[in-house]
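Novice: Got a structure for you, written out below as structure tokens; questions coming shortly.
The values are calculated or read from the model by the stated rules, or taken from the named source; none is laboratory data. As the structure is a computational prediction, the values presented were derived from the model and not from experiment. Using ideal geometry, Cβ is built from the backbone for each residue, glycine included, and neighbour counts are taken over all protein chains shown. Just so you know, the surface numbers come from the protein's heavy atoms only, side chains and all, with ligands and any DNA or RNA stripped out. Shrake-Rupley method; radii C 1.70, N 1.55, O 1.52, S 1.80 Å.
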Amino acid sequence: MSSKRFRLRLPATSANLGSGFDAAAIALNFYLDIEAQPAGAFSIHATGRDAERCAELDDNLILNVYRSTLAAQNKPVTPLALRMVNDIPLGMGCGSSAAGRLAAIALANHFGGLSWSAQRTLEEASALEGHPDNVAACWLGGFVTTACEGRSVHVAQVTPPALWRAIIALPEAPLATSKARAVLPDTYARADVVANLQSVSLLASAFAQARSDLLRVAMSDRIHQPYRAPFCALLGRLLPLAEGKDILGVSLSGAGPAVLLVIAGETSLAPALRRIRAAIDAPPTTELRVCSFEALGAASSLAGNCS
């Protein structure tokens, strides 16, 4: 059990990227920053996005997972004073729950003396999430493809093309992942499955080889996006934009409702933003967030984080 201060930076993530449903994800360069130290009682000082919700002590994802992880290992629960700066929008498909669960498990590992490896932390978070894509990208960084074998998680990781950028279109209202999953069918037509297999077979190569010419097809999907589109109005407006040299690919970000647009580079941002605003008719409630892909994950921030 450690009494030392603990710091952790967890990147936002965008999962699925169209065809890679529950299998592929990428880290983005906006973050949840957490600093924790033992205290007489739990407290949270939060700033940034959704600060009021992040600071709630009741029904708090991080505190709930922290407590349950320690209880499952028969370890005493050390109360913590948490300071967090959150820049990941909640309920938008940008990996907020994956970041929160990883943060909680890392806190339990540190303050409970669990001595879990980075792989064990990843697998515990994946089990809680129900799929490994977001947690793998958040924990390891970069672009990842993932697969589960029981509780074991296998990850292939590549550094995304340095020139590529992303724009996240964020609507005003969030969407619960449970609702987005509930609309998916139990079975699919063979043609739809084959189409997705063909697309996802290109996805990793497109990111690994900076093949911008492949990305539109690689990010096309027939497994989840058509069923979620009625709850994600921006998707239908933005999908047709993945046809020019500036906007390389478009997909839901995770389960939505946010939309991820992959951009060819810095010089393509201005024309891409103009096309996006024209497509959505510039409603004031839609935020367009320009970001880069993050090569490093939360695990990278653990070295030398204690003082």
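Novice: Can you pull out the residues in segment 177-195 that are among the small types (Gly, Ala, Ser) and surrounded by fewer than 20 Cβ atoms within 10 Å (Cβ to Cβ)?
Specialist: 178, 182, 189, 191, 195
Novice: Can you pull out every residue in segment 196-246 that is over 29 Å from residue 287 (Cβ atoms) and either open to solvent by less than 20 Å² (accessible area, probe 1.4 Å) or hydroxyl-bearing (Ser, Thr, Tyr) (or both)?
Specialist: Hits for segment 196-246 are 196, 201, 205.
Novice: A further question follows. Do we have residue 108 as assigned to a helix (DSSP H, G or I), buried (at least 16 other Cβ atoms within 10 Å of the Cβ) and in contact with a strand residue (DSSP E or B) (Cβ under 6 Å, 6 or more places away or on another chain) here?
Specialist: The answer is no for residue 108.
Novice: Condition test on residue 129, is it under 27 Å from residue 250 (Cβ atoms) and of a type outside the set (Ser, Thr, Tyr)?
Specialist: In short, yes.
Novice: Restricting attention to segment 173-210, which residues are touching a Leu at 6+ places or on another chain (Cβ under 9 Å) and either more than 29 Å from residue 89 (Cα to Cα) or assigned to a loop (DSSP other than H, G, I, E, B) (or both)?
Specialist: 174, 202, 205, 210
Novice: While we're looking at this one, here's another question. Kindly indicate which of 91, 95 is surrounded by 15 or more Cβ atoms within 10 Å (Cβ to Cβ) and modelled with pLDDT under 95.
Specialist: The unique qualifying residue is 91.
Novice: If residue 35 meets every condition in (1) more than 13 Å from residue 138 (Cβ to Cβ); (2) open to solvent by 30 Å² or more (accessible area, probe 1.4 Å); (3) out of contact with any Lys or Arg (no Cβ under 8 Å at 6 or more places or on another chain) apart from one, which number is that one?
Specialist: (3) is the only condition that residue 35 fails.
Novice: Shifting gears a bit: So, residue 169, is that one open to solvent by less than 80 Å² (accessible area, probe 1.4 Å), part of a strand (DSSP E or B) and either in contact with a His (Cβ under 7 Å, 6 or more places away or on another chain) or among the aromatic types (Phe, Trp, Tyr) (or both) or not?
Specialist: Here the answer is no, as residue 169 does not meet what is asked.
Novice: Please find, within segment 251-307, the residue that is modelled with the lowest pLDDT out of those that are touching a Lys or Arg at 6+ places or on another chain (Cβ under 6 Å) and farther than 22 Å from residue 160 by Cβ.
Specialist: Per the stated criteria, the residue is 307.
Novice: Can I ask one more? Among the residues of segment 73-88, which ones are open to solvent by 40 Å² or more (accessible area, probe 1.4 Å) and within 22 Å of the chain's Cα centre (by Cα)?
Specialist: 83, 85, 87
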